[in-house]
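Read through the structure below, which is laid out as structure tokens, and then see the notes.
The values are calculated or read from the model by the stated rules, or taken from the named source; none is laboratory data. Keep in mind it's a predicted model, so treat the numbers as computed, not measured. Note: ideal-geometry Cβ built from the backbone for every residue, glycine included; neighbour counts use all protein chains shown.
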């Protein structure tokens, strides 16, 4: 990994900015060496599964690299609150806390065969019921997917979390290209804008929901963001009308859609344009069956730990897509978010796109509620500049003119904000 990361070659360049402190690639290399010795002295053996918390810091990034060099499988724990559940799912042998305490754990099952002779990485599903699924990757494979990265003097803000496949992708791509990684501690629009200005950030990998939050807050007007060249967005569907607003506000910025899943890793994409939500994938990495997108990639996961599902050559992404005559894909929505109104099926995202055409609406989420007459009915929560009655009348009138009758929201709720998950995606859990 040290060779792949090119740490020696970039020794004098700034690798990481953490809490105003700057650390060079040589500092990172020295810290990795120190932690490798610490692991050996404290009985962390190769081939063991070691759990760490998915929190970005200079020390934690160095620990991540040291565990890889020590030939451990690294289990990324998303949060302290549900540590036990994640540890149970991962079968970790030890937990290394944020203050570097090493805790021995009782491991109920032997090491999974999928881990033999592998530098593993375990990420977790965001399942809300029961034990989260432990998604096992070959970390060497993820690293090698970036081996052709050209050296760049860019500054990248680490927005996507360390325990997320997008965050891992940002970290590896940044280190391998010799970029400077800026660690965000507070994910408010104000603090992100402040970090971009202070540290002259060039690239912001983020989510559509955060970008909308940024527009609503207008914090971008209070800071110098001229260093920013590129915004990459992913993890959830981008609303075409939101992208239009972003391009109108940030005229000189390039926007690129990223795409992937926790199971397949991040796939290489080609955006049709900065103002389009359409993108291309390698034709060998996808197929469409009944409008549903299936994926395979060189960074495909090895399987789920302690789950018996057969891992097919193709992974069902759950995304519904269409493809244009030039081979560009567009995400229409998630199959699990289909709403069935008296036998007529619709996607929540279609209704959201329609409502976001209205300049008085700054945010919206559409979902279903049970109906005695139609089985399900369409409901939406909106953030609006108008009062309740005006908002309802405007949305009803607009949707009736643009959509089939069964797609028009029956109930419209005026709210102060749309709730987001800790990964800055719209919270679409059952209401």
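Here are the numbers:
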{"quantity": "Unique match (being buried (at least 21 other Cβ atoms within 10 Å of the Cβ) and over 30 Å from residue 321 (Cβ atoms)) among 213, 242, 181", "calculated": "181"}
{"quantity": "Wholly enclosed helices (runs of 4 or more DSSP H) of segment 1-102 bearing at least 3 residues over 30 Å from residue 201 (Cβ atoms)", "calculated": "25-41, 83-90"}
{"quantity": "Contacts under 6 angstrom Cβ, first residue in segment 53-74 being free of Cβ contacts under 8 Å to residues at least 12 places away in the same chain, partner surrounded by fewer than 20 Cβ atoms within 10 Å (Cβ to Cβ) and in a helix (DSSP H, G or I), 6 or more apart", "calculated": "none"}
{"quantity": "Residue 302 vs. criteria more than 20 Å from residue 235 (Cβ to Cβ) and modelled with pLDDT of 95 or more", "calculated": "no"}
{"quantity": "Answer from 337, 357, 376 - the residue that is under 25 Å from residue 293 (Cα atoms) and touching a residue at least 12 places away in the same chain (Cβ under 8 Å)", "calculated": "337"}
{"quantity": "Filter result for residue 346 (more than 21 Å from residue 248 (Cα to Cα), crowded, with 20+ Cβ neighbours inside 10 Å, at pLDDT 95 or above and not assigned by TED's automatic domain parsing to the domain that holds residue 395)", "calculated": "no"}
{"quantity": "Residues (under 26 Å from residue 17 (Cα atoms) and under 23 Å from the mean Cα position of the chain (by Cα)) located in segment 68-101", "calculated": "68, 74, 75, 76, 77, 78, 79, 80, 98"}
{"quantity": "Residue 334 vs. criteria surrounded by fewer than 15 Cβ atoms within 10 Å (Cβ to Cβ) and either closer than 23 Å to residue 399 by Cβ or modelled with pLDDT of 95 or more (or both)", "calculated": "no"}
{"quantity": "Residue check for residue 190: surrounded by fewer than 16 Cβ atoms within 10 Å (Cβ to Cβ), assigned to a helix (DSSP H, G or I) and in contact with a helix residue (DSSP H, G or I) (Cβ under 8 Å, 6 or more places away or on another chain)", "calculated": "yes"}
{"quantity": "Filter result (farther than 16 Å from residue 381 by Cα and either assigned to a loop (DSSP other than H, G, I, E, B) or touching a helix residue (DSSP H, G or I) at 6+ places or on another chain (Cβ under 8 Å) (or both)) within segment 399-420", "calculated": "402, 403, 404"}
{"quantity": "Residues (surrounded by fewer than 20 Cβ atoms within 10 Å (Cβ to Cβ) and within 33 Å of the chain's Cα centre (by Cα)) located in segment 393-402", "calculated": "398, 402"}
{"quantity": "Hits in segment 10-28 (condition: modelled with pLDDT under 95 and in contact with a helix residue (DSSP H, G or I) (Cβ under 8 Å, 6 or more places away or on another chain))", "calculated": "10, 11, 12, 13"}
{"quantity": "For residue 326: the one exception among (1) closer than 25 Å to residue 277 by Cα; (2) over 23 Å from the mean Cα position of the chain (by Cα); (3) buried (at least 18 other Cβ atoms within 10 Å of the Cβ)", "calculated": "(3)"}
{"quantity": "Checking residue 366 against (1) closer than 25 Å to residue 243 by Cα; (2) in a helix (DSSP H, G or I); (3) at pLDDT 95 or above, the condition it does not meet", "calculated": "(2)"}
{"quantity": "Selection status of residue 181, assigned by TED's automatic domain parsing to the domain that holds residue 27, touching a helix residue (DSSP H, G or I) at 6+ places or on another chain (Cβ under 7 Å) and either modelled with pLDDT of 95 or more or assigned to a helix (DSSP H, G or I) (or both)", "calculated": "no"}
